[in-house]
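Report on the following structure.
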Amino acid sequence: MFGLDPQTLLLVSAITFGAGTIKGAIGFAMPIILMSALGSFLPTQVALGLMILPVLLTNVQQATRQGMGAAWGTARDYRWHIAMVAVFMFVSAPFARVIPQPLMYLALGVPILGFALWQLSGRPMALPIHHRRRAEVTSGIIGGLYGGVSGIWGPPLIVYLLSIGAPKLEQIRVQGVVFLLGGAALTVAHLASGVLNAQTLPLSLLMVIPAFAGMQLGFWLQDRMDLAQFRRWTLVLLALTSLNLIRRGIEVMS
């Protein structure tokens with residue numbers, strides 16, 4: 001069935017549902033969860049192909065939850081970050097095979113883990129309002145540079161949003177808009193690369209169902225969290241994400 005036995009298909013569906021629930025509640029980490037979990041028992045190419053459409057379409061759902069007008073407004077308000085990510089992805093992409101992957105994972109994971117632990121300790125790191133444009137541009141440049149060489153561009157955006165104290169719904173929507181643009185590029189790239197093929201494309205489309213179901217449960221949980229709870233769980237997930245990046249860096253090195 002779709003190239004997988006029924007037990008494996010059920011396991012893949014359950015993992016996708018769980019990843020969708022976390023994304024619906026907090027707004028990020030779906031690709032990292034799917035690649036970490038699915039990559040442990042599926043070939044990397046299959047795991048990557050399988051996650052592409054659930055990630056793309058849940059980002060559409062997340063970005064437009066308050067309507068297309070709100071999504072367009074977010075794209076306009078955060079245009080500097082989005083523009084810097086796009087530009088610097090192209091700048092850094094040619095170096096993807098030159099820069100050691102362990103170095104990239106560790107260089108991204110270690111400072112983000114430090115930021116998350118600092119905030120969780122009760123010592124907030126707020127940016128003065130007159131520095132917001134500079135911080136937005138800088139976070140976009142960092143995200144783009146890392147995205148071009150590692151495919152991971154979300155954590156710098158989340159750090160920026162937490163630093164400026166963005167409201168919960170705005171933070172979720174911004175993440176959805178930025179991740180949607182990256183997900184669209186990823187989909188086009190892997191249609192061309194062959195990762196999305198006759199086997200993985202139908203399976204990826206099928207996994208949209210548990211991903212959407214998980215998102216609905218996640219939205220339900222998100223709506224019941226106040227801002228303090230949402231920020232705390234975002235920081236916890238950010239810390240776990242950075243620990244996973246550090247783990248990957250050490251693994252690749254060894």
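Annotations
- Of all residues in region 194-228 being among the polar types (S, T, N, Q) and open to solvent by 70 Å² or more (accessible area, probe 1.4 Å), the one that is nearest to VAL60 (Cα to Cα): GLN216
- Any hit, region 138-154, residues being touching a His at 6+ places or on another chain (Cβ under 7 Å) and either over 21 Å from GLN62 (Cα atoms) or at pLDDT 85 or above (or both): yes
- For VAL98, the requirement of being open to solvent by 20 Å² or more (accessible area, probe 1.4 Å) and either in a helix (DSSP H, G or I) or basic (Lys, Arg) (or both) is not met.
- Search result, residues across region 19-41 that are surrounded by fewer than 18 Cβ atoms within 10 Å (Cβ to Cβ) and among the hydrophobic types (A, V, I, L, M, F, W, C): PHE41
- Of all the criteria given as (1) in a helix (DSSP H, G or I); (2) out of contact with any helix residue (DSSP H, G or I) (no Cβ under 8 Å at 6 or more places or on another chain); (3) open to solvent by 70 Å² or more (accessible area, probe 1.4 Å); (4) at pLDDT 75 or above, the one not satisfied by GLY114 is (3).
- When region 43-90 is filtered for residues that are open to solvent by 70 Å² or more (accessible area, probe 1.4 Å) and farther than 24 Å from GLN216 by Cα, the ones remaining, listed by number, are PRO43, THR44, GLN45, ARG76, ASP77, ARG79, TRP80, VAL87, PHE90.
- Flag set for THR16, criterion: open to solvent by less than 10 Å² (accessible area, probe 1.4 Å) and within 23 Å of ARG247 (Cα to Cα).
- Any hit, region 64-82, residues being outside any helix (DSSP H, G or I) and over 19 Å from the mean Cα position of the chain (by Cα): yes
- Any hit, region 168-191, residues being aromatic (Phe, Trp, Tyr), over 19 Å from ILE33 (Cα atoms) and buried (at least 21 other Cβ atoms within 10 Å of the Cβ): no
- Checking each residue in region 210-228 for being among the aliphatic types (A, V, I, L, M), touching a residue at least 40 places away in the same chain (Cβ under 8 Å) and in a helix (DSSP H, G or I) picks out ALA211, ALA213, MET215, LEU217, LEU221, LEU227.
- Here ALA93 passes the criteria (1) modelled with pLDDT under 80; (2) surrounded by 17 or more Cβ atoms within 10 Å (Cβ to Cβ) except the one numbered (2).
The values are calculated or read from the model by the stated rules, or taken from the named source; none is laboratory data. Quantities reported herein were computed from a predicted structural model and do not represent experimental measurements. Cβ: placed from backbone, ideal geometry, glycine included. Neighbour counts: every protein chain shown. These accessible areas exclude ligands, DNA and RNA; they are computed on the full protein's heavy atoms, side chains included. Shrake-Rupley method; radii C 1.70, N 1.55, O 1.52, S 1.80 Å.
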